[in-house]
Amino acid sequence: IDDPPVLLYAKGNVESLNGENMVAVVGTREPSREGKEAGLKAGRVLAGAEATVVSGLAHGCDESAHVGCLDEDGTGVAVLADGLDMVYPEENEWIAKDLLHCEGCLVSEYPPGVDPNRSFFVERDRIQSGLSDGVLVIETTADGGTMHTVRSAEHQKRPVACIVPSEGIR
């Protein structure tokens, strides 16, 4: 990517960062019921196809995708917006532990001891798309934070796909 981190901290199986089929699965932190189900299904399908699921471990679509991936014993990479000595949100610490148990990896451009900061989430998004061969958007609004990842993917010339909800486009 044009603006790579100076250093990338990793915890877990760093070989998972070299997967041949890496897909970032992203979306809103407050998905609809359909969005949660779509995230779970996307994670399961990708894991079943031996793709590595890359996401930010945030509430909502990110966590759904990782849980779906773990349901199929798939490999996942979580890109954190803080140091690797903590997981934010802490309610998703179990997901991080399970990702590590399933040969996945946690990565961050921030050293241990650094707490999450609002701007770090935007910076994290470029890494999610940069590590991936493509980006799958589960659910978002036109002005949602997910669009940072979409813009990064477009700039990095990564394909972007989205799920169209059955009740229409939001």
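For the chain, what does -39500 (n - 2.57) per DSSP helix run (n ≥ 4), summed and divided by total residues, give at 222 nm, in deg cm²/dmol to the nearest 500?
On the way: 5 runs with 60 residues, N = 170.
One gets -11000 deg cm²/dmol as the mean residue ellipticity at 222 nm.
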Where a Cα-Cα gap under 22 Å defines reach, which lysines qualify for Lys97, not counting those fewer than 8 residues away within the same chain? Lys11, Lys36, Lys41
Looking at the chain, which longest stretch skips every one of the GluC sites (Glu not before Pro) that is in a DSSP loop with at most 13 other Cβ atoms within 10 Å, leaving the sites themselves out? 51-166
Applying the gyration tensor rule to the Cα atoms of the stretch 64-130 (axes a ≥ b ≥ c; rounded if a/c under 1.5, else prolate if a/b exceeds b/c, else oblate), the class is prolate
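May I ask you to give the solvent-accessible area per residue for the chain, in square angstrom, as obtained with a 1.4 angstrom probe?
Values: 8550 Å² over 170 residues.
Roughly 50 Å² per residue, with all protein chains present.
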Pick from Arg33, Arg124, Arg158: which is most flexible by mean-square fluctuation in a GNM of the chain where alpha carbon atoms under 10 Å apart are linked? Arg33
Kirkwood-based shape ratio for the chain, expressed as Rg/Rh from alpha carbons: 0.93
For Asp71 paired with Arg29, estimate the spin-label separation in nm (one decimal), with each label point 7 Å from Cα along the Cα-to-Cβ line. 2.4 nm
Taking amide hydrogens as modeled 1.01 Å from N in the peptide plane, which residues meet the under 5 Å criterion relative to Gly104, leaving out close sequence neighbours? Asn13, Gly76
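The values are calculated or read from the model by the stated rules, or taken from the named source; none is laboratory data. As the structure is a prediction and not an experimental result, all values here were calculated from the model. In this analysis, Cβ positions are derived from the backbone assuming ideal geometry, glycine residues included, and neighbour counts consider all displayed protein chains. The accessibility values were calculated without ligands, DNA or RNA, using every heavy atom of the protein model including side chains. Shrake-Rupley method; radii C 1.70, N 1.55, O 1.52, S 1.80 Å.
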